[in-house]
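What follows is a short report on a single structure.
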Amino acid sequence: MEKKVIYSAVQPSGNLTIGNYLGAIRNWVKMQDEYDCYYAVANMHAITVKQDPAELRRRTLELVALYIACGLDPEKCALYVQSNVPQHAELTWVLNTIAYVGELSRMTQFKDKSQKHAENINMGLMDYPVLMAADILLYQAQYVPVGADQKQHVEIARDLAIRFNNRFGETFTVPEPLILKGGAKICSLQEPTKKMSKSDENVNASVYLTDDRDAVIRKFKRAVTDSGNEVRAAEDKPGVTNLLNIYCAFKGCTVEEAEKEFEGKGYGDFKLAVGEAVADVIGPVQAEQKRLLSDKAYLAGVLSAGAERAYKTARRTLSKVYRKVGFYQGE
Ligand code: TRP
């Protein structure tokens, strides 16, 4: 039986946080045996906000090295850079003609980013969800594992797939978002009712995958907790609850088990234990990422094989699309 297809991507902009790790990459690893997986570095999405070119190139390789360091196996899944497969841009153009300005201008992320980058509200920013739909639809993906903030974009991809299929006949698989638990609700260490963000101005709010052990432990020590002194998850204890969620995600235990473990202990001991749990996991990942980055030839080989594999699938879908819309493709 043919394996179902999974598609996902991360932008090579900003530093990834432990929330991105838990919500995205770590879950991708679990899926690589069971599914036919395509994981991209979304550099074409990244340039919808201003990027420094040299930095963009460097971050692209860093992200691929991170993918592999986290356990993605380039033999099992297609790891590639979005701009290396031209069909992404080509399908975007066709999908643009069935996407409405109204629906795109209503997207939450577009509205947020327009506010944040008021001096640079470019067409690419508005078209971002259509490019993302092209990513997903090119590979006929059934499932798209993403954080909750990307759900609306996967829904636009579904709408465009259905709209295209209705107008031109069955062409695309209609994808479904897979909103992963755990990582999806990792919150800021300083304002625990807010999602942990790559771009928080307060450096103590987010734990980055690049943070060294001391920084990780220091950030958890400074994490905001709640009144009282009991280590217990509760609606009125968002700080402690968030730390418990992080601890459990990194230790692989349940909240009940963790609550028991910290019974009678104070917040200080607890916060130190959370920091250590996180550092114990990300330390080895960082070391492996560094080792991979010193072998540029290996990474180049992985990316060219990944792009080749992606290209084969993407070309097939695009050709079908061109036929359906009536583009001449030779005799
Ligand atoms: N927009 C996604 C993000 O910022 C990244 C992305 C690009 C993506 N293309 C995708 C995610 C396709 C899933 C599927 O997180």
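The values are calculated or read from the model by the stated rules, or taken from the named source; none is laboratory data. Owing to the predicted nature of the structure, the values given are computational and were not obtained by experimental measurement. With ideal geometry, Cβ positions are generated from the backbone for all residues, glycine too; neighbour counts draw on all protein chains shown.
Here are the numbers:
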{"item": "Tabulated pairs, region 128-154, first under 15 Å from Gln109 (Cβ atoms) and outside the structural domain of Thr317 (by TED's automatic domain parsing), second near the ligand (Cβ under 7 Å from one of its atoms) and not in a helix (DSSP H, G or I), C-beta under 6 angstrom, 6+ apart or interchain", "result": "none"}
{"item": "Residue list for region 96-115, filter: in contact (Cβ under 8 Å) with a residue 12 or more places away in the chain and outside any helix (DSSP H, G or I)", "result": "Ile98, Ala99, Met107"}
{"item": "Hey, Ala134 at pLDDT 95 or above and near the ligand (Cβ under 10 Å from one of its atoms) or not", "result": "yes"}
{"item": "Residue in region 176-188 that is closer than 16 Å to Leu131 by Cα and either part of a loop (DSSP other than H, G, I, E, B) or away from the ligand (no atom under 11 Å from the Cβ) (or both) present", "result": "no"}
{"item": "Selection count, region 144-156, where residues are buried (at least 19 other Cβ atoms within 10 Å of the Cβ) and either charged (D, E, K, R) or near the ligand (Cβ under 10 Å from one of its atoms) (or both)", "result": "7"}
{"item": "Residue match in region 308-325 (condition: in contact with a strand residue (DSSP E or B) (Cβ under 6 Å, 6 or more places away or on another chain) and surrounded by 14 or more Cβ atoms within 10 Å (Cβ to Cβ))", "result": "yes"}
{"item": "Residue in region 74-84 that is more than 30 Å from Asp33 (Cβ to Cβ) and of a type in the set (Val, Ile, Thr) present", "result": "no"}
{"item": "Close pairs (8 angstrom Cβ cut-off, 6 or more residues apart or separate chains): closer than 16 Å to Gly306 by Cβ and in contact (Cβ under 8 Å) with a residue 24 or more places away in the chain in region 31-51, near the ligand (Cβ under 9 Å from one of its atoms) and assigned to a loop (DSSP other than H, G, I, E, B) anywhere", "result": "Tyr38/Ala141; Val41/Gln11; Ala42/Gln11; Asn43/Gln11"}
{"item": "Long-range neighbours under 7 Å by Cβ, at least six apart or interchain, first residue farther than 21 Å from Gly239 by Cα within region 200-214, second part of a loop (DSSP other than H, G, I, E, B) and of a type in the set (S, T, N, Q)", "result": "Thr210/Asn15"}
{"item": "Whichever residue in region 9-25 is in contact with a Cys (Cβ under 9 Å, 6 or more places away or on another chain) and closer than 18 Å to Ala215 by Cα and, among such residues, is nearest to the ligand (Cβ to nearest atom)", "result": "Gly19"}
{"item": "Residue tally, condition modelled with pLDDT of 95 or more and either in a helix (DSSP H, G or I) or within 11 Å of the ligand (Cβ to nearest atom) (or both), over region 116-131", "result": "9"}
{"item": "Enumeration of residues in region 42-64 that are within 14 Å of the chain's Cα centre (by Cα) and within 14 Å of the ligand (Cβ to nearest atom)", "result": "Ala42, Asn43, His45, Ala46, Thr60, Leu63"}
{"item": "Residue under evaluation Thr225, criteria (1) outside the structural domain of Thr108 (by TED's automatic domain parsing); (2) touching a Lys or Arg at 6+ places or on another chain (Cβ under 7 Å); (3) among the β-branched types (Val, Ile, Thr); (4) surrounded by fewer than 23 Cβ atoms within 10 Å (Cβ to Cβ), criterion not met", "result": "(2)"}
